[in-house]
Amino acid sequence: MLFDTICAISTPLQEGAIGIVRLSGTEAISITDQIFTKDLVKVESHTITYGYIIEDQQLIDEVLISVFRAPKSYTCEDVVEISCHGSVYIIRKILSLCITHGARLALPGEFTQRAFLNGRIDLSQAESVNDIVLSKSANQAKLAIKGIRGSVTRLLEPLIQKMLDIIANIEVNIDYPEYEDIKQISDEMVLPALKTWGDELDIIIKQAENGRIINTGIKTVIVGEPNVGKSSLLNALLEEDKAIVTDIPGTTRDLVEGIIQLDHITLNLIDTAGLRETEDVIERIGIDKTKKAIDEADLVIIVLDATKVVNDYEKQLINMTKDKKQLIVYNKADLAGFSNQLSISALNKDIKPLIQAIEQMFATQIMVIDQDILNNERQIALAKQARLSITQAIQALHDEMELDIVLIDIEKAYFYLKSILGTVSDGDLLDTLFSNFCLGK
């Protein structure tokens, strides 16, 4: 399959100004040449040729053909992009002609997979290609474009090289102990290196976790007693009436969700059922979901009624979420006639103080966007596995294990970091990863 010439529609399949059909492979130019009114066989790379797509001498569409010859193309193979008019019929017709003349319909992500397999990009860069296609905010796009430019590789390569140097020296000492001119590696030399690598990985993982929150959105749970204004706050943040607002306690029986893009961060909002004792079975289920949402939240917004004294149940709620990032908000400030530390009027959509507080709370995470960081859960998970292997190697040295035993854990850490870049990966992992891409990418 790797030697097939593939083709796919690379633009959304809907009516528009233009559509693009992309081909890649050794036969990409010759296949296109068979359905085009001009000779493409000898055209130079990175050129555009004007003409018509034809079928049985009948004109199908007026097009522009872009030719990119191997290896200077996205896939490192011959690539042709047919820019046609954006009729769904025309786009599909041109795709059908390409298949009729020898191309195969590409699998999701297969163009980028070929770019990876042909050595043009590493696995972290390939993931960033998908990230930029799916980005929904400026920060997501910024992280993705940095990933495409090799930020993850720049971050990890120095550490990987240090590990490789130690691994090579230990293996030489083990395999060729008789060579006196070879540098002898001792426990006293390896232990400081392991501790330094562990510290470096701790920083990498922490920054990645901060970046993940900004990249994927902050899971934000709005909690408080019934009828305190949680649903009004959700509606004010979303600028739409998504949640039912009444003066009847217990109106919200289930989780109500929405997404809001602030200046620098995305909030994945969840309005929850009010926490109180109840005999209502349906409301009880909603309260159980609220507790689960709190456990999974990155940020908990506790809404209090500014017109009332904080009661014991609200104090318990504040204490229950004290280990989370927490903002205590006094709602109905317009009725209270005075301002508390963080006061809003959700019903009047006067919530600017809350938005400013959220931006300030996550200012450190926002700054991480400007650094080289890991980009997704797969990469973070592998970095954590590498850190665990380093910890095990350090413990093995403390337990006075031989270096050849310690070497096993060091090699595991090296393997995990290399796997982030895709240098060592199995085929099933690659197939699964690239299957999440768009067709034509």
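No lab work stands behind these numbers, since they all come straight from the coordinates. Not measured: the values here are computed from a predicted model. Note that we place each Cβ from the backbone using ideal geometry, even for glycine, and neighbour counts take in every protein chain shown.
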The long-range amide H neighbours of F36, using H built 1.01 Å from N in the peptide plane and a cut-off of under 5 Å, are I54
Restricting to lysines and to Cα separations under 25 Å from K93, and discarding same-chain partners fewer than 8 apart, the set is K38, K441
In the neighbourhood of Q365 defined by beta carbon distances under 12 Å, the net charge of the other residues (Lys, Arg +1; Asp, Glu -1) is -1
In terms of the charge dipole of the stretch 34-107, which places +1 on Lys and Arg and -1 on Asp and Glu at the beta carbon, the residue among G86, I60, Y74 farthest towards the positive end is Y74
Looking only at lysines whose Cα falls under 17 Å of K324's and that sit 8 or more positions away or on another chain, we get K206, K219, K291, K292, K315
Ratio for the stretch 26-171, C-alpha Rg to 2.2 N^0.38 Å, reads 1.37
Residues whose modelled amide H sits under 5 Å from the amide H of K325, counting only those 5 or more places away in sequence or on another chain, are V300
Assertion target for T196, T11, ordered by fewest C-beta neighbours within 10 angstrom first, is T196, T11
D (µm²/s, integer) via Stokes-Einstein for the stretch 363-422, Kirkwood Rh across alpha-carbon pairs, 20 °C, 1.002 mPa s: value 167
Final fewest-first order of C98, C76 on the 10 Å Cβ neighbour count is C76, C98
Restricting to lysines and to Cα separations under 20 Å from K412, and discarding same-chain partners fewer than 8 apart, the set is K162, K195, K384
Env charge @ V41, Cβ radius under 12 Å, K,R +1 / D,E -1, value -2
Fewest-first ordering of E400, E257 by Cβ atoms within 10 Å yields E400, E257
Net charge near P158 (other residues with Cβ under 13 Å of its Cβ; Lys, Arg +1; Asp, Glu -1) is -2
The base-10 log of I(q)/I(0) that the Debye equation returns for the stretch 5-76 at q = 0.11, 0.12, 0.16, 0.25 Å⁻¹, one scatterer per C-alpha, is -0.27, -0.33, -0.59, -1.34
With +1 at each Lys and Arg Cβ and -1 at each Asp and Glu Cβ, the charge dipole magnitude of the stretch 6-122 around its Cα centre, to the nearest 20 debye, comes out at 240
Residue span L105 to I318: 0.36 nm per residue of separation minus Cα-Cα distance leaves a gain in nm of 71.1 nm
